[in-house]
Amino acid sequence: MSGVLFVTDPLTGLQGDIDAGIGLMSATQDLGLDVWCCEPEELAVVDGQVRAHARRILLRPRATNGDHRWIVDPTWWDELGTAVVDVASFEVVHLRIDPPVDARYLHTTYLLDLVERAGTRVINRPEGIRAMHEKLVALQFPELCPATYVGADPLALRSFVSRVGTAVVKPVDGFAGIGVWLVHDDRSAVALLESATHGGRRHVIAQQYLPAVARGNKRLFLLDGEIVGAVLRRPAVDDFRIGPPVAPAEIDADDRAIVGALGPVLRAHGLVIAGLDVIDGRLIEVNVTCPGGMHKTDALLGTRLSHTIVSHLFEGAFV
């Protein structure tokens, strides 16, 4: 089948003005390819063949607005029809459901393994997503990261906070800034860490807080392990967590060293699209499940990251 299938969360829940998956859909449409979508629950295996109850859509026009949001209609697509399709008949399948990598996510990857074995490219590769936990993979490169502790024991975490002064604490299975804590070396630390770990029953990641974040958290956009763009994001005035992109970012020697170490690993696992978060030359996180930020950056800076990615997939450069 001529076209590209996007396995997504419900379309009605996606934000047409900022969602990276929609940016990839728009670029796919601009390339003259049909855009099809389905949800994980619409996948099934019948006689060894992965099928989907999918809908073909047409994205409505969009325009830049001078910031990181596109101007789009509230309903940003029109449905052109539905069909039960052989997923392996598509030229490319994008896995674009949001983390965490829970049972729903894992079950979807196992079904898409069958699609890949049938010869269709799945972006990102399901095996790679399972192999490289995006919150923990950075720990394979401790020399590139700030001081980090992973565990569930509030008292051990308290000792780590005392050593580094202030720490950012987040759940191992977290995403989108949910459940992230800024813990200081003070009397409130133990109570906060008990809450963060659910009383010692949930693993969290604690990383030394880097004050240089005020100058920006750099998102490096990687395509097949190579940098294709970078943007700065900063905390909001009243929130320590990172906000939307605000300015272009200069790529420096530290960035190149980080990518030089991670690039071959990402390529080996078929993680074509990735977003690295870097603060003050230190690697914070490796986003591979549903890498975002490209569509926002394209709107803000006038770049064409989404088009670069989609065009690359159809140039034969992807292996």
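The values are calculated or read from the model by the stated rules, or taken from the named source; none is laboratory data. Values in this document were obtained by computation on a predicted structure and should not be read as measured data. Backbone-built Cβ (ideal geometry, glycine too); neighbour counts: all protein chains shown.
Of all residues in region 173-194, those satisfying the criterion of being surrounded by 14 or more Cβ atoms within 10 Å (Cβ to Cβ) and either more than 19 Å from F240 (Cα to Cα) or of a type in the set (S, T, N, Q) (or both) are D173, V190, E194.
For region 212-250, taking the residues that are modelled with pLDDT under 95 and among the β-branched types (V, I, T), the one that is surrounded by the most Cβ atoms within 10 Å (Cβ to Cβ) is identified as I242.
Counting just the residues of region 252-277 that are farther than 30 Å from V92 by Cα and aliphatic (A, V, I, L, M), which one comes out farthest from the chain's Cα centre (by Cα)? Only one residue tops the list, namely A253. In this structure, is G275 surrounded by 18 or more Cβ atoms within 10 Å (Cβ to Cβ), of a type outside the set (V, I, T) and under 30 Å from R117 (Cα atoms)? When the stated conditions are applied, G275 passes them. Only residues that are of a type in the set (V, I, T) and surrounded by fewer than 21 Cβ atoms within 10 Å (Cβ to Cβ) were counted in region 280-315, giving 2. Scanning region 251-267 for residues that are in contact (Cβ under 8 Å) with a residue 60 or more places away in the chain and surrounded by fewer than 21 Cβ atoms within 10 Å (Cβ to Cβ) yields A257, A261, V265. For region 95-109, does any single residue satisfy the condition of being surrounded by fewer than 20 Cβ atoms within 10 Å (Cβ to Cβ) and assigned to a strand (DSSP E or B)? So far as region 95-109 goes, no, none of its residues is surrounded by fewer than 20 Cβ atoms within 10 Å (Cβ to Cβ) and assigned to a strand (DSSP E or B). One residue alone among D298, D238, D280, D254 is outside the structural domain of R62 (by TED's automatic domain parsing), in contact with a helix residue (DSSP H, G or I) (Cβ under 9 Å, 6 or more places away or on another chain) and over 17 Å from F221 (Cβ atoms), and that residue is D280.
The single residue among G302, G281, G229 that is under 25 Å from V150 (Cβ atoms) and either of a type in the set (G, A, S) or in contact with a Leu (Cβ under 6 Å, 6 or more places away or on another chain) (or both) turns out to be G281. Contact map, region 197-213: residues that are within 11 Å of L157 (Cα to Cα) paired with residues that are among the aromatic types (F, W, Y) and surrounded by fewer than 16 Cβ atoms within 10 Å (Cβ to Cβ), Cβ distance under 8 Å, separation 6+ or inter-chain. No pairs are found.
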